[in-house]
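The values are calculated or read from the model by the stated rules, or taken from the named source; none is laboratory data. Since the model is a prediction, treat every value here as computed from it, not as a measurement. Cβ sites come from the backbone with ideal geometry, for glycine too, and all protein chains shown count toward neighbours. Note: areas computed on protein heavy atoms with side chains; ligands, DNA, RNA excluded. Shrake-Rupley method; radii C 1.70, N 1.55, O 1.52, S 1.80 Å.
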Amino acid sequence: KQDIQRAGYAGDSRSPLRLQDSDDLVYISADAKTLAYAYLDDRQPPEQIRNVSLSWVSGELKVCDRPSSMVTKTVSAATSGCSAIFEPQQIMVTKFHVQQVSLASSGVSSAYLTISMAAALVGDPSVSHALAINIKQRNWQ
């Protein structure tokens with residue numbers, strides 16, 4: 001949640017960072033199974049741009065984090081530096097969905113995201129858990 005709130009952060013720059021082929025600070029795929037974003041990580045030297053994505057593919061939730069000197073395209077953010085969040089032999093993600101509601105005021109805009117997911121044990125699918133988190137985009141565009 002905290003990492004997603006960094007989406008668009010560009011330090012002292014007047015314009016926020018966004019992935020090269022995205023109009024929004026947080027890109028959401030048409031099937032709502034992938035979200036991706038970029039931000040400047042200046043918490044410790046050297047400063048670098050983090051190109052991050054979360055994708056649900058074949059029962060696995062993967063996070064991709066690609067530090068770089070430049071912002072990438074959404075496809076690049078979602079395909080390199082990836083690893084499964086959960087051990088796929090133990091936990092299967094059965095649902096992952098992202099919804100975005102735009103917020104606008106006085107010529108600037110932001111967004112409110114809801115991420116819903118559910119998971120179950122591979123060996124005993126009756127043991128499952130579902131959750132939803134709401135995230136207010138911190139950086140306005």
Quiz item: Does ARG66 satisfy the criteria of being touching a Pro at 6+ places or on another chain (Cβ under 7 Å) and either closer than 29 Å to SER13 by Cβ or in contact (Cβ under 8 Å) with a residue 60 or more places away in the chain (or both)?
Solution: no
Quiz prompt | Residues located in the stretch 102-141, provided they are exposed (fewer than 13 other Cβ atoms within 10 Å of the Cβ), aliphatic (A, V, I, L, M) and farther than 21 Å from ASP23 by Cα | solution = VAL127, ALA130, LEU131, ALA132, ILE133
Quiz item: Which ones in the stretch 45-54 are more than 8 Å from the chain's Cα centre (by Cα) and modelled with pLDDT of 90 or more?
Solution: GLN48, ILE49, ARG50, ASN51
Practice problem: Answer yes or no: is there a residue in the stretch 82-94 that is surrounded by 11 or more Cβ atoms within 10 Å (Cβ to Cβ), in a loop (DSSP other than H, G, I, E, B), within 16 Å of the chain's Cα centre (by Cα) and modelled with pLDDT under 90. | Solution: no
Exercise. Of all residues in the stretch 59-81, count the ones that are open to solvent by less than 50 Å² (accessible area, probe 1.4 Å), under 17 Å from LEU40 (Cα atoms), touching a Ser or Thr at 6+ places or on another chain (Cβ under 7 Å) and part of a strand (DSSP E or B).
Key: 1
Practice problem: Write out, first by first residue and then by second, each pair whose Cβ atoms fall under 7 Å of each other, whose residues are 6+ apart or on separate chains, and whose first residue, in the stretch 124-135, is under 19 Å from VAL101 (Cβ atoms) while the second is open to solvent by 80 Å² or more (accessible area, probe 1.4 Å) and outside any strand (DSSP E or B). | Solution: ILE133/LYS1; ILE135/LYS1
Quiz item: Pick from ASP42, ASP3, ASP12, ASP31: which is of a type in the set (Asp, Glu) and either in contact with a Leu (Cβ under 8 Å, 6 or more places away or on another chain) or at pLDDT 90 or above (or both)?
Solution: ASP31
Quiz item: In the stretch 98-136, how many residues are under 19 Å from SER53 (Cβ atoms) and in contact with an Asp or Glu (Cβ under 9 Å, 6 or more places away or on another chain)?
Solution: 2
Quiz prompt | Answer residue from the stretch 10-39, given it is of a type in the set (Ser, Thr, Tyr) and under 16 Å from ARG66 (Cα atoms) and is surrounded by the most Cβ atoms within 10 Å (Cβ to Cβ) among those | solution = TYR37
Self-check item: Flag if ARG50 is of a type in the set (D, E, K, R), open to solvent by 60 Å² or more (accessible area, probe 1.4 Å), assigned to a strand (DSSP E or B) and farther than 21 Å from SER128 by Cβ
Solution: no
